[in-house]
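Single-structure report; data block below.
The values are calculated or read from the model by the stated rules, or taken from the named source; none is laboratory data. None of these values were measured; they are calculated from a predicted model. For neighbour counting, all protein chains shown are included, and Cβ atoms are generated from backbone atoms with ideal geometry for every residue, glycine included.
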Amino acid sequence: MLDSAKNKEWPLIGNSHLTRFLKKSIGNGQVGGSYIFLGPDNLGKTTLARFFAQCLLCEKTKDKISPYPCSECRSCQQFQGQRERKAKDEDEKQMVHGDFHLLKKAKDKKFISVDEIRGFIKILSMSSFLSKYKVGIIKHADKLNLEAANALLKTMEEPNSNVVIILIVTDIESLPKTIVSRSQLLQFRPVPNGIIYNYLIDSHNASRSRAKDLSRLSLGRPALAIKLLETPEFYEQFKELARMFISFFNQNINERLQAIGSLINKKNSSQETASRTRRTIEIWEGVIRDSILINFNLDNRVQHEYVSSEIGRILESRNSRDLIRLEELLEQAKKYLRNNVSPRLVLENIVINIDDRRQTTDGRM
């Protein structure tokens, strides 16, 4: 059955150089003790980390680890079950595996605590149950607080040859350099539109027009393209946020502030609100980026093609310098979020200053 397993592709869209590297590491018996999977969200970092773990923990290949797990043993079945639950948007923590542990930041918390890291380390220090390895994944590892990072570093300084730790991060600058230096760094990059386009058609039966739209809209992030395809409500919300930003240029201050109020859900935790606000700003950045492209007659590269005609409203009264200033205003807004400024204040600052041609981006609010 292992021969048939070799026909199974690793579940990563694009970034094939990373898949080749991990396959080669397994084949040569040169599996590292610590890896950093670095890149923007929605590129498949966690998906690849899990499949790598499945390869290492496959019971039928434990005597000679293979880059092609059997997909039949108890261990592989647990990973497969988890993938099915994830496809249904069920909680990732439902998977229970004696030799695998995933730690992620709670939605209502800003950081991963030292107690959570100590629990993670304790689990990995136990003897393996079914295979040679113990594998641990830390999502949002760039959200470790100082104590947690130091506790993890101590474990990495005294590595166990049978333990593999994978850190999933979007901002490597937030990790201590001592942790980075002890890890193998795998850089995930946005995937070309053509690869996402073909994948949506071949694997998800998307129409050509739909695949073209979503491959542009996702900005090289396959998981985002799939979510936009499979979740109509999310797709409509995504487009509505772009249209909301465009409408600001024809509204007065009161109308804009009222729109901002509709974006803040008081039932969400502060961290959930901050995360949603950050995604909103990223969509707005895309609109400004499209405005700049259209201004330079590069219409074929725009992300939000469905509102390209509406973007003309922005261009009617703004030159390239104005667009760059708006881009800087949104970039500054993301910095405010990182510095714990209230999401409502951050959004209100954007809509208040959106028409101020003299606005500076020196950090003042």
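Among the helices (runs of 4 or more DSSP H) confined to segment 155-266, the ones with at least 1 residues that are under 20 Å from Gly286 (Cβ atoms) and of a type in the set (A, V, I, L, M, F, W, C) are located at 193-204, 208-217, 222-230, 232-247, 253-263.
Taken over segment 305-314, the criterion of being closer than 15 Å to Ser247 by Cβ and either among the aromatic types (Phe, Trp, Tyr) or in contact (Cβ under 8 Å) with a residue 24 or more places away in the chain (or both) is satisfied by Tyr306, Val307, Glu310, Ile311, Arg313, Ile314.
Mind listing just one residue for me: the one in segment 43-74 that is part of a helix (DSSP H, G or I) and farther than 22 Å from Gln30 by Cβ and, of those, modelled with the lowest pLDDT?
Of segment 43-74, the ones part of a helix (DSSP H, G or I) are 45-57, 59-61, 74.
Those left that are additionally farther than 22 Å from Gln30 by Cβ: 46-47, 74.
Numbers: Thr46: 94, Thr47: 93, Arg74: 84.
The selected residue is Arg74.
On the stretch given as segment 225-248, residues that are more than 21 Å from the chain's Cα centre (by Cα) and crowded, with 18+ Cβ neighbours inside 10 Å total 4.
Of all residues in segment 305-325, those satisfying the criterion of being closer than 30 Å to Ala211 by Cβ, under 29 Å from the mean Cα position of the chain (by Cα) and outside any loop (DSSP other than H, G, I, E, B) are Glu305, Tyr306, Val307, Leu323.
Among the residues making up segment 184-210, those that are among the hydroxyl-bearing types (Ser, Thr, Tyr) and closer than 30 Å to Val31 by Cβ are Tyr199, Ser203.
Go through segment 21-41 and give me each residue that's assigned to a loop (DSSP other than H, G, I, E, B) and surrounded by 20 or more Cβ atoms within 10 Å (Cβ to Cβ).
Pass one, segment 21-41, residues assigned to a loop (DSSP other than H, G, I, E, B): 28-33, 39-41.
Once the filter is applied, which keeps residues that are assigned to a loop (DSSP other than H, G, I, E, B) and surrounded by 20 or more Cβ atoms within 10 Å (Cβ to Cβ), segment 21-41 yields Val31, Gly39.
Filtered by the rule that a residue be under 23 Å from the mean Cα position of the chain (by Cα) and without any contact (Cβ under 8 Å) to a residue 60 or more places away in the chain, segment 126-146 gives Gly136, Ile138, His140, Asp142, Lys143, Leu144, Asn145, Leu146.
Scanning segment 217-224 turns up one or more residues that are of a type in the set (Ser, Thr, Tyr), at pLDDT 90 or above and surrounded by 13 or more Cβ atoms within 10 Å (Cβ to Cβ).
Each row is one residue, and each column tells you yes or no for (1) in contact with a Lys or Arg (Cβ under 9 Å, 6 or more places away or on another chain); (2) not assigned by TED's automatic domain parsing to the domain that holds Thr170; (3) not hydrophobic (A, V, I, L, M, F, W, C).
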{"position": "Phe245", "(1), (2), (3)": "no, yes, no"}
{"position": "Asn254", "(1), (2), (3)": "no, yes, yes"}
{"position": "Leu263", "(1), (2), (3)": "yes, yes, no"}
{"position": "Ser308", "(1), (2), (3)": "no, yes, yes"}
{"position": "Ile314", "(1), (2), (3)": "no, yes, no"}
{"position": "Asn319", "(1), (2), (3)": "no, yes, yes"}
{"position": "Asp322", "(1), (2), (3)": "yes, yes, yes"}
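Of the residues making up segment 49-66, those that are free of Cβ contacts under 8 Å to residues at least 40 places away in the same chain and buried (at least 19 other Cβ atoms within 10 Å of the Cβ) number 2. Is one or more of the residues making up segment 279-295 part of a loop (DSSP other than H, G, I, E, B) and surrounded by 14 or more Cβ atoms within 10 Å (Cβ to Cβ)? Looking for residues that are part of a loop (DSSP other than H, G, I, E, B) and surrounded by 14 or more Cβ atoms within 10 Å (Cβ to Cβ), one finds none in segment 279-295, hence no.
Restricting the first member to segment 336-357 and to residues that are touching a residue at least 12 places away in the same chain (Cβ under 8 Å) and over 15 Å from Leu257 (Cβ atoms), and the second to residues that are part of a helix (DSSP H, G or I) and of a type in the set (A, V, I, L, M, F, W, C), the beta-carbon pairs closer than 6 Å and six or more apart or on different chains are Tyr336/Val346; Leu337/Ala274; Leu337/Val346.
Look through segment 325-362, keep the residues that are more than 30 Å from Ser269 (Cα to Cα) and loosely packed, with under 12 Cβ neighbours inside 10 Å, and return whichever of them is modelled with the highest pLDDT. This residue is Asp356. Candidates are the residues of segment 306-324 that are of a type in the set (D, E, K, R) and touching a helix residue (DSSP H, G or I) at 6+ places or on another chain (Cβ under 6 Å); the one that is modelled with the lowest pLDDT is Arg313. Being within 20 Å of the chain's Cα centre (by Cα) and at pLDDT 90 or above is the filter here; which residues of segment 250-284 pass it? Arg276, Thr277, Arg278, Arg279, Thr280, Ile281, Glu282, Ile283, Trp284, listed by residue number.
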